[in-house]
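Shown next, in structure tokens, is the structure this report addresses.
The values are calculated or read from the model by the stated rules, or taken from the named source; none is laboratory data. Values in this document were obtained by computation on a predicted structure and should not be read as measured data. Heads up, the Cβs are rebuilt from the backbone with ideal geometry, glycines too, and the neighbour counts pull from every protein chain shown. Just so you know, the surface numbers come from the protein's heavy atoms only, side chains and all, with ligands and any DNA or RNA stripped out. Shrake-Rupley method; radii C 1.70, N 1.55, O 1.52, S 1.80 Å.
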Amino acid sequence: MIEHRLGILVGGGPAPGINGVISAATIEAVNSGWPVVGIMDGFKWLANGGSVPTLDLTIEMVSRLHQRGGSILRTSRENPTKDKNRMRNVLNSLQKLGITRLITIGGDDTAYSASVLEKEKAGQVNPAMAVAHQKSGVNVIHVPKTIDNDLPLPDNRSTFGYQTARHLGVEIVQNLMEDAASTNRWYFVITMGRKTGHLALGIAKAA
């Protein structure tokens, strides 16, 4: 029987709900008999090829984690797909950690990195790298996270973090609207969104 070891990492910008995903995944894995390793700072240390700071996650540690903001595993914007040597380091580092299952939590870049890992395992990107990946036996699942809401999910679902960011943005804009009316001033409000305006539109509509 194959013994699995689950790794979890977070990439990209912060978003509400990250710790909730870490908590739920950890509890389910531990209850299934899998040890869980939290990988610090996204792909950063995996791609460097040296020592990788990790955190052994337990049910006791994560049971109340959903009530905290931010990310217990921190995050980074490292994109290993831009350099084949750094991607090879990721594969080797995962193998050294004994990770057989990997959950990535993130937005555009993290989603793409996760998809490349899966393709390389199947030899669709680089057959030479696929050999190393097959030795590590890592299967990857990605959890889409971005307040930009610019990842196409089934049934037009919003990515987690978006609705909370929209709600907080509405409160800010409504306060600014009162100031604008009281002082006869104009305000320009700029939101995140890369090449999309879902967050700006959602805040404007609701406010």
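Exactly one condition in (1) over 17 Å from ILE141 (Cα atoms); (2) over 17 Å from the mean Cα position of the chain (by Cα); (3) not hydroxyl-bearing (Ser, Thr, Tyr) is not met by GLU28; state its number.
Result: GLU28 fails condition (1) only.
Anything in region 195-207 that is exposed (fewer than 10 other Cβ atoms within 10 Å of the Cβ) and closer than 14 Å to LEU168 by Cα? List them, or say none. Spell out the reasoning first.
Here is the first cut: in region 195-207, the residues exposed (fewer than 10 other Cβ atoms within 10 Å of the Cβ) are 195, 205.
Across region 195-207, the qualifying residue is only LYS205.
Just the residues that are part of a helix (DSSP H, G or I) and of a type in the set (S, T, N, Q), please, taken from region 143-174.
Taking region 143-174 first, the residues part of a helix (DSSP H, G or I) are 154-156, 162-174.
Answer for region 143-174, where residues must be part of a helix (DSSP H, G or I) and of a type in the set (S, T, N, Q): ASN156, GLN163, THR164, GLN174.
Find the residue count for region 41-76, including only residues that are of a type in the set (Asp, Glu) and under 16 Å from the mean Cα position of the chain (by Cα). Outline the logic, then answer.
Taking region 41-76 first, the residues of a type in the set (Asp, Glu) are 41, 56, 60.
Okay, now just the ones that are also under 16 Å from the mean Cα position of the chain (by Cα), so 41.
So the answer is 1.
On the given criteria, is GLY17 in contact (Cβ under 8 Å) with a residue 12 or more places away in the chain, of a type outside the set (Asp, Glu) and either more than 28 Å from GLY161 (Cα to Cα) or buried (at least 17 other Cβ atoms within 10 Å of the Cβ) (or both)?
Working: in contact (Cβ under 8 Å) with a residue 12 or more places away in the chain: yes; of a type outside the set (Asp, Glu): yes; either more than 28 Å from GLY161 (Cα to Cα) or buried (at least 17 other Cβ atoms within 10 Å of the Cβ) (or both): yes.
Here the answer is yes, as GLY17 does meet what is asked.
Just checking, how many residues over region 66-76 are at pLDDT 95 or above and open to solvent by 40 Å² or more (accessible area, probe 1.4 Å)?
Total meeting the criteria: 2.
Across region 175-194, what is the number of residues that are assigned to a helix (DSSP H, G or I), polar (S, T, N, Q) and open to solvent by less than 80 Å² (accessible area, probe 1.4 Å)? Break it down into steps so the answer makes sense when it comes.
In the first step, residues of region 175-194 are kept if they are assigned to a helix (DSSP H, G or I); the result is 175-183.
Filter once more, so that each one left must be polar (S, T, N, Q): 175, 182-183.
With the extra rule that they be open to solvent by less than 80 Å² (accessible area, probe 1.4 Å), the set shrinks to 183.
The total comes to 1.
Tell me yes or no: at least one residue of region 21-34 is open to solvent by less than 20 Å² (accessible area, probe 1.4 Å), under 21 Å from TYR162 (Cβ atoms), β-branched (Val, Ile, Thr) and touching a strand residue (DSSP E or B) at 6+ places or on another chain (Cβ under 7 Å).
Scanning region 21-34 turns up at least one residue that is open to solvent by less than 20 Å² (accessible area, probe 1.4 Å), under 21 Å from TYR162 (Cβ atoms), β-branched (Val, Ile, Thr) and touching a strand residue (DSSP E or B) at 6+ places or on another chain (Cβ under 7 Å).
What pairs come out if I take residues in region 23-47 that are over 17 Å from SER71 (Cα atoms) and at pLDDT 95 or above and pair them with residues that are open to solvent by 70 Å² or more (accessible area, probe 1.4 Å) and not hydrophobic (A, V, I, L, M, F, W, C) whose C-beta lies under 7 Å away, six or more apart or interchain?
From region 23-47, the pairs are TRP34/ARG5; PRO35/ARG5.
Please go through region 44-60 and give me each residue that is open to solvent by 70 Å² or more (accessible area, probe 1.4 Å) and in contact with a helix residue (DSSP H, G or I) (Cβ under 8 Å, 6 or more places away or on another chain), ordered by number.
Step one: of region 44-60, the residues open to solvent by 70 Å² or more (accessible area, probe 1.4 Å) are 44-45, 48, 51, 56, 60.
Correct list: TRP45, ASN48, SER51.
If we scan region 121-140, do we find a residue that is outside any helix (DSSP H, G or I), modelled with pLDDT of 90 or more, open to solvent by 40 Å² or more (accessible area, probe 1.4 Å) and of a type outside the set (Phe, Trp, Tyr)?
Residues of region 121-140 that are outside any helix (DSSP H, G or I), as a first pass: 122-126, 137-140.
From what is left, the residues that are modelled with pLDDT of 90 or more are 139-140.
So of that shortlist, the ones also open to solvent by 40 Å² or more (accessible area, probe 1.4 Å) come out as 139.
With of a type outside the set (Phe, Trp, Tyr) added as a condition, the list becomes 139.
There is at least one residue in region 121-140 that is outside any helix (DSSP H, G or I), modelled with pLDDT of 90 or more, open to solvent by 40 Å² or more (accessible area, probe 1.4 Å) and of a type outside the set (Phe, Trp, Tyr).
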